[in-house]
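Report on one structure; see the data block that follows.
The values are calculated or read from the model by the stated rules, or taken from the named source; none is laboratory data. Predicted, not measured: the structure shown is a model, and the values here were computed from it. Neighbour counts are summed over all protein chains in view; Cβ atoms, including those assigned to glycine, are modelled from backbone coordinates with ideal geometry.
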There are 2 protein chains.
Amino acid sequence: MKAWTLAARPKGLPVDTDFALVEQTLPDLAEGQVRVVNRWLSVDPYMRGRMNDTKSYVPPFQLGEPMQGGAIGEVVESKADGIAVGTMVSHMAGWRDEAVLPAQHVQPLPDIKADPQAFLGQFGMPGMTAYYGLLHVAEAKPGDTVFVSAAAGAVGSTVVQIAKAKGMTVIGSAGGAEKVEWVRQLGADAVIDYKSGTPVAEALGQVAPDGIDVYFDNVGGDHLDAALAHANPGARFAICGMIDVYNDAKPTSLKYLARLIGNRVRIQGFIVSDFKDHEGFYRDMAAMLAEGKLKREETVFEGLDKTPEAFLALFSGGNKGKMLVKL
Amino acid sequence: MKAWTLAARPKGLPVDTDFALVEQTLPDLAEGQVRVVNRWLSVDPYMRGRMNDTKSYVPPFQLGEPMQGGAIGEVVESKADGIAVGTMVSHMAGWRDEAVLPAQHVQPLPDIKADPQAFLGQFGMPGMTAYYGLLHVAEAKPGDTVFVSAAAGAVGSTVVQIAKAKGMTVIGSAGGAEKVEWVRQLGADAVIDYKSGTPVAEALGQVAPDGIDVYFDNVGGDHLDAALAHANPGARFAICGMIDVYNDAKPTSLKYLARLIGNRVRIQGFIVSDFKDHEGFYRDMAAMLAEGKLKREETVFEGLDKTPEAFLALFSGGNKGKMLVKL
């Protein structure tokens, strides 16, 4: 099998030489194991954090070892009870073409009529992040005005659609005319183009004259500051990512932070893996899919070779919807 | 009567000429009114916000009008049922020596054996801010490690003592050896001297090697950043003041903001006036006082003339405990 390893710990934005493709021989199957051939790999912004050697909520990648990440594969050999050859499974042995795994490390895809790769997106980690962040962390309610940054991304585009399906007013932010148009097609009531040159705080004030009740943060920085500037009393912010600082040691500069006092704003960081019970998520999302309320967009790179390139494109806004690698 | 008015809206730190002492004649009492001679005036950092002409949780002071603020006075004339001459009352007609007020705007002091001016401090707004912020907003629990900034101030010194009385480990921050020593005497397990030259984040790391569970913020800026740097998973921050930015339009620069994601930190702004039921507060605090667990310190300026001076001294760390003006 072939796998991408971390060759060097990146400083700032990773470069090609931080990654190395290696060939390894996989062991024969032991009892309780399955052999999986990967069909789809996920690349996600949070992986940047695992490339640093610092304590975090997920352990750092080890130098010279295959990296991990979400993947969808097909079971081609099985010594595990209840997992038949041919089963499509999701698992965390991404960044490689094939893996031998204990059965408890793979999850057969839920019985929802969606393409397999959707389980790396709307029906996978990014979708859960959107769902739990919006509804559980930010406690968004029908009638709320919701602002979501990176609204054309895997998480943000799902936030937009869930919020609309639940009767909220939605303002998205995206970079460039094409993404802005797509977010509008997803149902957003207004979309800010953060590349337009207008400061985000000013642009948000124009489209949200009555303020915002919820902010779903994928970005940090000027978007977070804009949300603080226009937060209504009792606003709730769900902070799931700050792509702005992943590659960068620069501090976040907030002009409007003190407004959180007078407006009783709640800012809550969260990690999707804290939410263990997915029954409500699958039920709600399957219903939205059946009602035609879930659109999906994918940006697909073809071939294992392209995995680092796909990953790096996340940080230059290179994806519309979920960024994927197809093997 | 004499009263301090706002003569000009300050830019940055107020100066003497922003205030003017005026003489006014009070009207005769109407039915339901009382005449109060003030004995003690409160000056508090939040008043700075009311000097700006911006929408906030309390309306701005009007130019040329007497300013408002907490005060304790004695009823010297009464046309109100149930409020006898000689009753000591708390009310918001501060910054002046005398006032005519409707009965519903004055509260007779609760039946707790404390000096009248304590109802501007530990048994008044600053004490409630400490109590509700620590126990309700931050949900601090016995065993938690609590970090509190401005720990020698009216709010902070009460936070320290409530936290110790409830079985928490307490780290305070204060400026200068004398205040540091006083905070230690209040029971703090460790005290950082933020004027020592050591960055707050570094100093906090030294005294809190296992991190903090709660941060009570009176300051903002580098103290908030230090708290983010050392927040334990699930940490709760109660943000009650940011004295750092009251006089200043400079942005807050945070190096450690993104840590709130991995550590699921909750940052909650609050306003003490949202907490309307004070029964538990008075009961708890009276019990602590009776057990000798509440020490009090006051910094007292004498005479109405000194009110602006007392107010301005708040922003240069001129107070130990509650800043008061005695008439």
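Here are the numbers for this structure:
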{"quantity": "Long-range neighbours under 6 Å by Cβ, at least six apart or interchain, first residue under 22 Å from A:Met88 (Cβ atoms) within the stretch A:9-37, second in a strand (DSSP E or B) and among the β-branched types (Val, Ile, Thr)", "calculated": "A:Leu26/A:Val100; A:Gln33/A:Val100; A:Val34/A:Val75; A:Arg35/A:Val76; A:Arg35/A:Val100; A:Val36/A:Val75; A:Val37/A:Val76"}
{"quantity": "Which listed residue is over 21 Å from B:Met125 (Cβ atoms) and hydrophobic (A, V, I, L, M, F, W, C), from B:Val200, B:Val219, B:Val155, B:Val160", "calculated": "B:Val200"}
{"quantity": "B:Thr5 vs. criteria in contact (Cβ under 8 Å) with a residue 24 or more places away in the chain and outside any loop (DSSP other than H, G, I, E, B)", "calculated": "yes"}
{"quantity": "Strands (runs of 3 or more DSSP E) within the stretch A:215-327 that include 1 or more residues within 12 Å of another protein chain (Cβ to nearest Cβ) and at pLDDT below 95", "calculated": "A:252-254"}
{"quantity": "Qualifying residue in the stretch A:108-117 (condition: assigned by TED's automatic domain parsing to the domain that holds A:Gly317, in a strand (DSSP E or B) and modelled with pLDDT of 95 or more)", "calculated": "yes"}
{"quantity": "Residues (free of Cβ contacts under 8 Å to residues at least 40 places away in the same chain and not aliphatic (A, V, I, L, M)) located in the stretch B:159-178", "calculated": "B:Lys166, B:Gly167, B:Thr169, B:Gly172"}
{"quantity": "Number of the exception - A:Glu181 against (1) buried (at least 19 other Cβ atoms within 10 Å of the Cβ); (2) away from chain B (no Cβ under 14 Å); (3) without any contact (Cβ under 8 Å) to a residue 40 or more places away in the chain", "calculated": "(1)"}
{"quantity": "Residue among A:Gly176, A:Gly197, A:Gly167, A:Gly187 that alone is in contact with an Asp or Glu (Cβ under 8 Å, 6 or more places away or on another chain), in the same structural domain as A:Tyr256 (by TED's automatic domain parsing) and on the phi > 0 side of the Ramachandran plot", "calculated": "A:Gly176"}
{"quantity": "Pick from the stretch B:167-198, criterion within 23 Å of B:Pro142 (Cα to Cα) and assigned to a loop (DSSP other than H, G, I, E, B), ranking: nearest to the chain's Cα centre (by Cα)", "calculated": "B:Leu186"}
